[in-house]
1. What is the number of the single condition among (1) surrounded by fewer than 16 Cβ atoms within 10 Å (Cβ to Cβ); (2) within 22 Å of G68 (Cα to Cα); (3) free of Cβ contacts under 8 Å to residues at least 60 places away in the same chain that N38 does not meet?
2. Would you pick out the residues in the range 90-107 that are open to solvent by 40 Å² or more (accessible area, probe 1.4 Å) and either of a type in the set (D, E) or touching a Leu at 6+ places or on another chain (Cβ under 7 Å) (or both)?
3. Identify, please: which residue in the range 177-202 is part of a loop (DSSP other than H, G, I, E, B) and more than 17 Å from the chain's Cα centre (by Cα) and is, among those, surrounded by the fewest Cβ atoms within 10 Å (Cβ to Cβ)?
4. Can you work out which of the residues in the range 203-228 that are touching an Asp or Glu at 6+ places or on another chain (Cβ under 8 Å) and open to solvent by less than 60 Å² (accessible area, probe 1.4 Å) is farthest from I113 (Cα to Cα)?
5. Could we say that L82 is surrounded by 14 or more Cβ atoms within 10 Å (Cβ to Cβ), over 23 Å from Q121 (Cα atoms) and under 22 Å from the mean Cα position of the chain (by Cα) here?
6. Take Q85 and decide whether it is of a type outside the set (F, W, Y) and farther than 30 Å from P118 by Cβ.
7. Of all the residues that make up the range 48-67, how many are β-branched (V, I, T) and open to solvent by less than 50 Å² (accessible area, probe 1.4 Å)?
8. So Q57 passes all but one of these: (1) over 30 Å from L199 (Cβ atoms); (2) within 23 Å of the chain's Cα centre (by Cα). Which condition number does it fail?
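The values are calculated or read from the model by the stated rules, or taken from the named source; none is laboratory data. Computed from a predicted structure; not experimentally measured. Cβ: placed from backbone, ideal geometry, glycine included. Neighbour counts: every protein chain shown. Just the protein is used for accessible areas: all its heavy atoms, side chains included, with ligands, DNA and RNA removed. Shrake-Rupley method; radii C 1.70, N 1.55, O 1.52, S 1.80 Å.
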Amino acid sequence: MSSQPNQSLIDGIRCLQYLVSSGRAIGCRELARLMGINTTRVNRLLMTMASIGLTMQDEQRRYLPGPGIHALAAQAIRGSALFSQALPLLERYAPKDIVVAVGVLWEDQVIYIYHSEPGSQMSQALAGFHMLPAWQSVIGMALLAAESDEALQKRFSSEQWQLLAPHVAQQRALGRVVWHHDDGEVSMARPLGAHSAALAFAGMWQADDDVIDNRLSELHTLARQLTQKPD
């Protein structure tokens, strides 16, 4: 048997992930553009997934996630150690007065599995935030630091790399990222070890050094709680 990766399977999974992440009905041509592959191939993949309920079409023949996605989502949540361990701890211990997020890196995008804002309910925090390009996310910056500068510079434009580089270096040196945004917001993140995810705090405005130090302490404490093995 060949040990080479199955490209059809890879393309199918990518296609489904881009469709689900778009948050709206999307046509084959647009999806093919996003994925960088042939429109005919995307159409064939979507039709195949429609046959097992993972996709469906609207009146304009654009594609949406199908009913099978709900079953897949439930099974994925049940099988995820990160979900099962982290969510009760986040509900109990995460600060309620700032943004708290947990995200994973996928194809230079950050997918948020948890994103709470002050006053929000747990149901709103679960997968309730759109994906962001990794270079625009403090979680992305923290996770991209695991890769080499050479690899990253091939994937990002010079403008994107200019923003990324100091934060990537900060993560490698200190084990966390603190990002001072131009508008006065401060965000911070640190990876969560084996889960290939990161925890972030954001929504802190005009924070001085003492506030940042205190929030970093909270961030590290919560990250340790999320990565401790249950008894």
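1. Failing condition for N38: (2).
2. Residues satisfying the conditions are E91, Y93, D97, L105, E107.
3. Taking the range 177-202 and keeping what is part of a loop (DSSP other than H, G, I, E, B), we get 181-184, 192, 196.
Of the ones still in play, those that are also more than 17 Å from the chain's Cα centre (by Cα) are 181-184.
Numbers: H181: 12, D182: 5, D183: 7, G184: 10.
Residue satisfying both the conditions and the ranking: D182.
4. Per the criteria, the residue is M204.
5. Details: surrounded by 14 or more Cβ atoms within 10 Å (Cβ to Cβ): yes; over 23 Å from Q121 (Cα atoms): no; under 22 Å from the mean Cα position of the chain (by Cα): yes.
When the stated conditions are applied, L82 does not pass them.
6. Values: of a type outside the set (F, W, Y): yes; farther than 30 Å from P118 by Cβ: no.
No.
7. Qualifying residue count for the region: 1.
8. Result: Q57 fails condition (2) only.
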